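Any read-out appearing in this document is the output of simple, stated calculations on the displayed coordinates, not a laboratory observation. Because the structure is a prediction, the values reported are computed rather than measured. Glycine also receives a Cβ, built like all others from the backbone with ideal geometry; neighbour counts cover every protein chain displayed.
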Amino acid sequence: MLNRHEFLRVLAKALLVFAAPSHRIETQLVFAAETLNVPAEFSHLPSVIIISFVDDETHTSETHFVKHGGRLQLGRLHEVHEIYKEVLHDSIKAKEATCRLKALLVHDAIYSDWERCLLGFFLSALICPLAFGGSFIDLWLAGLGAMILCWVQLRVASQNVVTANVVE
């Protein structure tokens with residue numbers, strides 16, 4: 001049971017770190033707890049998940065606050081979902097899944113900050129004329145604006161909680 005509790009806590013952290021959609025986090029955790037036969041309740045707030053494990057035999061509960069901000073990393077989020085599915089289909093045990101999730105959490109991002117800003121520049125510059133009929137000058141302005149916004153999101157917003165919510 002303790003391994004299952006730890007798996008649910010690490011799963012909650014992984015979902016926050018890799019910026020899972022807010023409308024799916026609580027549903028996935030509830031479904032995982034039901035499948036693993038763990039009496040638990042979950043509450044999701046922006047950047048915080050409150051987990052309450054209930055023990056019916058002793059009439060006690062244990063509450064955990066999982067707090068973490070994250071960046072959207074769809075590849076890593078897909079890997080988290082694959083591990084989640086393997087546990088739910090009983091392909092692997094909760095302890096092994098916890099180890100795999102912890103290993104996934106310590107890996108660095110695939111792209112560095114400057115590479116992400118450069119990608120933002122090129123993608124916005126490409127989309128401007130193709131999707132919106134922008135001119136050659138609009139192409140450069142859209143790319144520059146995207147690059148600045150990406151830098152603000154990665155560097156400035158990550159330092160301050162108030163600006164992080166505004167940028168999101």
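Scanning the stretch 101-115 for residues that are crowded, with 18+ Cβ neighbours inside 10 Å and basic (Lys, Arg) returns no hits. Tell me yes or no: at least one residue of the stretch 114-126 is free of Cβ contacts under 8 Å to residues at least 24 places away in the same chain and touching a helix residue (DSSP H, G or I) at 6+ places or on another chain (Cβ under 6 Å). Yes, because at least one residue in the stretch 114-126 is free of Cβ contacts under 8 Å to residues at least 24 places away in the same chain and touching a helix residue (DSSP H, G or I) at 6+ places or on another chain (Cβ under 6 Å). Looking at 41, 26, 79, which one is surrounded by 14 or more Cβ atoms within 10 Å (Cβ to Cβ), free of Cβ contacts under 8 Å to residues at least 40 places away in the same chain and under 17 Å from residue 107 (Cα atoms)? Step by step, each of 41, 26, 79 is checked, and only 79 is surrounded by 14 or more Cβ atoms within 10 Å (Cβ to Cβ), free of Cβ contacts under 8 Å to residues at least 40 places away in the same chain and under 17 Å from residue 107 (Cα atoms). Checking every residue in the stretch 58-73 against the condition of being farther than 15 Å from residue 3 by Cα and in contact (Cβ under 8 Å) with a residue 60 or more places away in the chain gives at least one match. Output the residue which, of all residues in the stretch 20-37 that are farther than 14 Å from residue 1 by Cβ and assigned to a loop (DSSP other than H, G, I, E, B), is farthest from the chain's Cα centre (by Cα). Among those that are farther than 14 Å from residue 1 by Cβ and assigned to a loop (DSSP other than H, G, I, E, B), it is 21. Within the stretch 11-23, the set of residues being surrounded by fewer than 19 Cβ atoms within 10 Å (Cβ to Cβ) and either in contact with a Phe, Trp or Tyr (Cβ under 9 Å, 6 or more places away or on another chain) or on the phi > 0 side of the Ramachandran plot (or both) comprises just one member, 19.
Yes or no: residue 86 acidic (Asp, Glu) and in contact with a Leu (Cβ under 7 Å, 6 or more places away or on another chain)? Considered against the rule, which asks whether it is acidic (Asp, Glu) and in contact with a Leu (Cβ under 7 Å, 6 or more places away or on another chain), residue 86 comes out as no. In the stretch 89-100, the residue that is nearest to residue 37 (Cα to Cα) out of those that are touching a residue at least 40 places away in the same chain (Cβ under 8 Å) and loosely packed, with under 15 Cβ neighbours inside 10 Å is 93.
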